[in-house]
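Right, one structure below, let's go through it.
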Amino acid sequence: MSRSASSGFLFALLLIVALFALPLASAAPTGATITYNSTETVTPAAAASSTTAGGSFTTLVLNATTQTPRWKAYVGNVTGTFTLQNAQNYTIYDWQGSYTAGEVYASRNSSIDWSTIGCVQSSSVTAEDTALNISESSVDSINKTFNLTVHRGFYVGTTRIANSTCRAIATYLNSTAQSSSEGAKFQEVLLQDSSDKLVFTALLDPATLGFNNKPYDFQMIVPEDEYASTPHTYYFWLELG
C-alpha cells in the first residue's frame, strides 16, 4: 500500500472513530412552562330539611355528591415549537405550526429518568397510595382508579409504549363517562421510571370538547394526600408529536 493510500485509510478510520464518539441526540420530554393558572373547586350543596310532627317516625333516603380530597385535576391547552438547537440552546432553525399528537407528563418527582420509562408496576402503585395516605380499599385509591389497561400506543422520547399495556383511564366528556376503548379521548396512562417514580401521562387530543363541553388539548387527574398540611407540588413536562 502506498504512503498516500495508507494516509487516506488512516484519515478515514479516524473520521469514523470521531463520528461514533460524538454524543447522540436524545429525544425526551422537556420541562413545560406554565403561562396561565386558574384554580377552582366546587361549592358544597346547601343542607336539605325535613319538618315532621312530634310523635312521628320518618324514614329518609339521603343522597349526596361528595368532592374527593384524594385527587386534583388539570385541564388546558398547550403551545410549542419544533426547533433544532445545540447544547447551548442556540437555534439553527424553528418549525412553526400545529401539532397532531403528544403528551403532558406530571409527577411529584422533579427528576425522571426518561431512558428507563415504562408501564407502572403494581408494587409502585401500592407504594404511592401508602405515601399519600390513601387506603387501597378506598374506591378512589390509585389502585382502584387506574384498574384497566386500555389505551392507544405512543412514544415517550424514543421509548415505545405499546397500546393497552399499561394502567390507564379516560376522563369524562361533557360530564359523562366514556366507554373503555383505545379510541377514547383524553386518555391518561400511568408510567414509572427505574427508580419507581410515578409519571401520570395525559395523551393530547388537540381542541377536543372536554369534561365541561369546552375545547381542551389535555385533561388529567393526579392523586393528593388529604391530610397533608401543604399540598404536594407536581412537575410538568411536555412532548409534542
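The values are calculated or read from the model by the stated rules, or taken from the named source; none is laboratory data. Keep in mind that what you see is a predicted model, and the values were worked out from it rather than measured. Cβ: placed from backbone, ideal geometry, glycine included. Neighbour counts: every protein chain shown.
A single entry from Ser138, Ser98 fulfils the requirement of being over 18 Å from the mean Cα position of the chain (by Cα), hydroxyl-bearing (Ser, Thr, Tyr) and under 24 Å from Tyr172 (Cβ atoms): Ser138. In the set Thr176, Thr91, Thr158, only one residue is under 22 Å from Asp205 (Cβ atoms), loosely packed, with under 13 Cβ neighbours inside 10 Å and more than 16 Å from the chain's Cα centre (by Cα); that residue is Thr176. State which residue is surrounded by the most Cβ atoms within 10 Å (Cβ to Cβ) when the search covers only region 185-195 and only residues that are part of a loop (DSSP other than H, G, I, E, B) and under 16 Å from the mean Cα position of the chain (by Cα). The selected residue is Phe186. Here is a check on your reading of the model: is Lys197 touching a residue at least 24 places away in the same chain (Cβ under 8 Å) and of a type outside the set (S, T, N, Q)? Here the answer is yes, as Lys197 does meet what is asked.
Would it be correct to say that Arg160 is out of contact with any helix residue (DSSP H, G or I) (no Cβ under 9 Å at 6 or more places or on another chain), closer than 26 Å to Tyr216 by Cα, part of a strand (DSSP E or B) and at pLDDT 95 or above? The answer is yes for Arg160.
Candidates are the residues of region 62-86 that are modelled with pLDDT under 90 and among the aliphatic types (A, V, I, L, M); the one that is surrounded by the fewest Cβ atoms within 10 Å (Cβ to Cβ) is Leu62.
Residue count for region 133-150 satisfying the condition of being farther than 13 Å from Cys166 by Cα and either acidic (Asp, Glu) or in a loop (DSSP other than H, G, I, E, B) (or both): 9. Do the conditions hold for Asp205, that is, is it touching a Phe, Trp or Tyr at 6+ places or on another chain (Cβ under 7 Å) and assigned to a loop (DSSP other than H, G, I, E, B)? Considered against the rule, which asks whether it is touching a Phe, Trp or Tyr at 6+ places or on another chain (Cβ under 7 Å) and assigned to a loop (DSSP other than H, G, I, E, B), Asp205 comes out as yes. All of (1) among the polar types (S, T, N, Q); (2) surrounded by fewer than 13 Cβ atoms within 10 Å (Cβ to Cβ); (3) touching a Pro at 6+ places or on another chain (Cβ under 7 Å) hold for Asn213 with one exception: (3). Val222 satisfies every condition listed in (1) crowded, with 16+ Cβ neighbours inside 10 Å; (2) hydrophobic (A, V, I, L, M, F, W, C); (3) free of Cβ contacts under 8 Å to residues at least 40 places away in the same chain except (3). Of everything in region 202-241, what is over 27 Å from Thr130 (Cβ atoms), hydrophobic (A, V, I, L, M, F, W, C) and over 16 Å from the mean Cα position of the chain (by Cα)? Give them in sequence order. Within region 202-241, Ala207, Leu209, Phe211 meet the criteria.
Thr165 meets all of the listed conditions (1) in a loop (DSSP other than H, G, I, E, B); (2) within 24 Å of Lys72 (Cα to Cα) but one, namely (2).
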